Amino acid sequence: MKQERTLLSPLLGAYYFFYFALVGVYIIFMPKVLLELGYSTVEVGIIYAAAPFMRFLLPFLFRHYVALTPKVYLFSLGLTFVATLIFLGTVHSFWFYLFINLLFGAAVGVSLPYVETIALAALSKSLYGRVRLWGSLGFMGIALLLGKILSVPYEALYYLSVMALLTSVFGAMLIKYDTISHQTAQEDSSFSLSKYWAFWLSVFLMQVGFGGFYNFFTIYETSHGISLEMTSWMWSFGVICEIVMLYFQGPLLQRNLLRIAQFSIAVTAVRWLMLYWFADSVMLTFASQSLHAVSFALYHTASITYVFSLYTQKKLAQQFFLGIAFGLGGSVGAILSGRIYGEHMFLIEAGITFMAFMVLLLHQRRKKEVCHEV
């Protein structure tokens, strides 16, 4: 048993590494592939709304009809790989490719919450961060690697399939470490979003506030006279700071998780204000990127740990967190940032993030009546 536990951390690290490398190929390189194949920017936008939309819808399916069992998890891993293979034959057809992207979004939306539950149940808060940072390394590594060696954009599809295969292999090896009970849909009927509605609204608003950064940071900075090469270093610096935080955040997570989340949201609002006020300053923009350690790494870990403690239905709670944050929040954030892009975009997003801060304060005041103590 002790030997099995010793093997868990490397297996989790490998899963996170290849899963987020897969995400990196999909997000960073595939949009360019689609544009070169003749897709319009509107069609690319629709394609990239498909996966987050499925990630948002899935928890409701699991809430009422399906339990996230090892068999369902294995099926999602297989579907992830098969979908990337089908991409090769359907990428020239918008409607077929859109349909397969819906399946792909559903598959990846199942596997990560399942693995997160295993990690949170088995690892200490300190060790979790040190294992989870391998995901950041995978994302940054694939970006740097393919940025150098990718000669024909279409080849990104092959790398997508390889990352999906490796994710599935290491993901399948984690099943024996699953110690959380698998409730049926009927047994999950006690699960309630409305009971903690302020927390979930805050999670949603926080991710909406990231829309301009994820979708327009490069365009925004280069329009203010910062070179594309320097902007790429800014991206990498943010990920490096995220990795450092994931490695050392353990002692911080021993404190009140809600207050840590509140602090992280407040720092994020300041981060967007810095981009609004000092977009043409290389030094201050790098300083704002250093805050990614707090606004993403610390916030994400504190929030999913809090959700893990809040609900007895652990896997379903993680599905809803990822669905509401990166699914619904990511989709709305992307659409909204496209509408408001301009000089005042990050000022508006700082306002949205401040709203997330205020709503989380409301949740804290209500938690004495409706929440478990963390």
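The values are calculated or read from the model by the stated rules, or taken from the named source; none is laboratory data. Just so it is clear, the model here is predicted, and its values are computed rather than measured. Backbone-built Cβ (ideal geometry, glycine too); neighbour counts: all protein chains shown. Accessible surface areas use protein heavy atoms only, side chains included; no ligands, DNA or RNA. Shrake-Rupley method; radii C 1.70, N 1.55, O 1.52, S 1.80 Å.
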When residues of segment 170-183 are limited to those that are over 23 Å from the mean Cα position of the chain (by Cα) and either among the basic types (Lys, Arg) or open to solvent by 60 Å² or more (accessible area, probe 1.4 Å) (or both), the one modelled with the lowest pLDDT: HIS182
Within segment 127-146, the count of residues that are closer than 15 Å to LEU8 by Cα and among the hydroxyl-bearing types (Ser, Thr, Tyr) comes to 1
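Each row is one residue, and each column tells you yes or no for (1) modelled with pLDDT of 80 or more; (2) surrounded by 18 or more Cβ atoms within 10 Å (Cβ to Cβ); (3) in contact with a helix residue (DSSP H, G or I) (Cβ under 9 Å, 6 or more places away or on another chain).
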site: LEU150; (1), (2), (3): no, no, yes
site: TYR158; (1), (2), (3): yes, no, yes
site: ALA164; (1), (2), (3): yes, yes, yes
site: SER168; (1), (2), (3): yes, yes, yes
List the pairs whose first member sits in segment 81-108 and is touching a residue at least 60 places away in the same chain (Cβ under 8 Å) and open to solvent by 40 Å² or more (accessible area, probe 1.4 Å), whose second member is part of a helix (DSSP H, G or I) and aliphatic (A, V, I, L, M), and whose Cβ atoms are under 9 Å apart, counting only residues at least 6 apart or on separate chains? PHE81/ALA107; PHE81/ALA164; PHE81/LEU165; LEU85/ALA164; LEU88/LEU157
